[in-house]
Amino acid sequence: MYPHFIEPVLRLVGPGVFSFTLVMALLNCLAFASIYRFLARETADELLAFLGLATVLFFGYVASRVWLHDLFLQYHPLRMLFPALSLPVVRAFAHGPTPRRGALLSALGAAAFLWNPDSGAIVLASAFLLLVYD
């Protein structure tokens, strides 16, 4: 159901190939920034976080584009966005569980499931299991 999530944005910027590509590129940047933020806070080392992000970019994105010529948006950002967004939220909840962070984690899992059920189910189940564990 991701088109329903991005419909308000496309109404603002206008429909078209360029605006859709721009929205998808911004969502990709948001996912990669979320991964970088998680790595930077978890490792407390900017260089290690940058190298981790470079590894994710190369093996998860660049390598498949060079060898497979995958010219559609199946994984980036559709299946990667919410798992990447959940990393900083899960880290914050694990380091200091509060009801507000638990609610945010649950809402993120629910939105992830509605965005894309196959990757969203994993985010939702992981959020639920983390809340049960805590």
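Can you work out the accessible area per residue across segment 70-129, with the rest of the protein chains kept in place, probe 1.4 Å, in square angstrom?
About 53 Å² of surface per residue is accessible.
Once phi is turned into ³J(HN,Hα) by the Karplus curve 6.51 cos²θ - 1.76 cosθ + 1.60 with θ = phi - 60°, what whole-Hz value does each residue of segment 38-55 show in order, with x for glycine and proline?
Rounded to whole hertz, the list is 4, 5, 5, 6, 6, 8, 6, 9, 5, 5, 5, 5, 5, 5, x, 5, 4, 5.
Rounded, prolate or oblate for the chain? Axes are the square roots of the Cα gyration tensor eigenvalues, ordered a ≥ b ≥ c, and the cut-off for rounded is a/c under 1.5.
Here the chain falls in the oblate category.
Tell me, what HN-Hα J-couplings in whole Hz come from the Karplus equation 6.51 cos²θ - 1.76 cosθ + 1.60 at θ = phi - 60° for each residue of segment 16-29, using x for Gly and Pro?
x, 5, 5, 5, 5, 5, 5, 4, 5, 5, 5, 5, 4, 4
Per 0.36 nm of contour for each residue apart, how much would the distance between Met1 and His95 grow if the chain were fully extended, relative to their Cα-Cα spacing?
The span from Met1 to His95 would gain 30.6 nm if fully extended.
When the helix-only estimate is applied to the chain (DSSP H runs of n ≥ 4, each -39,500 (n - 2.57), divided by the residue count), what is the mean residue ellipticity at 222 nm, nearest 500 deg cm²/dmol?
Rounded to the nearest 500, the figure is -26000 deg cm²/dmol.
For Met80, what residues show an amide H to amide H distance below 5 Å, using hydrogens built from the backbone and excluding near sequence neighbours?
Amide H to amide H, under 5 Å and 5 or more residues apart or across chains, Met80 pairs with nothing.
Can you give me the relative contact order of the chain as a percent, contacts being Cα pairs under 8 Å and 6 or more apart?
Dividing the mean separation by the residue count of the chain yields 24 percent.
If you count, for each residue, the other Cβ atoms within 10 Å and average over each peptide, how do 85-94, 37-46 line up from highest to lowest?
Sorting 85-94, 37-46 by mean packing, highest first, produces 85-94, 37-46.
Pick from Ala103, Ala111, Ala84: which is most flexible by mean-square fluctuation in a GNM of the chain where alpha carbon atoms under 10 Å apart are linked?
In this elastic network of the chain, the residue with the biggest mean-square fluctuation among Ala103, Ala111, Ala84 is Ala103.
Compute, for Ile6, the solvent-accessible surface of its heavy atoms (probe 1.4 Å) with the complete set of protein chains present, and express it in square angstrom to the nearest 10.
About 10 Å², rounded to the nearest 10.
Pick from Ser119, Ser19, Ser34 the residue whose mean-square fluctuation is largest in a GNM of the chain, springs joining Cα atoms under 10 Å.
Its mean-square fluctuation being the largest, the pick is Ser19.
Tally up the carbon and sulfur contribution to the accessible surface of the chain as a whole percent, 1.4 Å probe, everything protein left in place.
So the carbon and sulfur contribution to the accessible surface is 74 percent.
The values are calculated or read from the model by the stated rules, or taken from the named source; none is laboratory data. Keep in mind the model is a prediction, meaning the values are calculated, not measured. No Cβ is skipped: glycine too gets one built from the backbone with ideal geometry, and neighbour counts run over all protein chains shown. Ligands, DNA and RNA are excluded from the accessible area calculation, which covers all protein heavy atoms including side chains. Shrake-Rupley method; radii C 1.70, N 1.55, O 1.52, S 1.80 Å.
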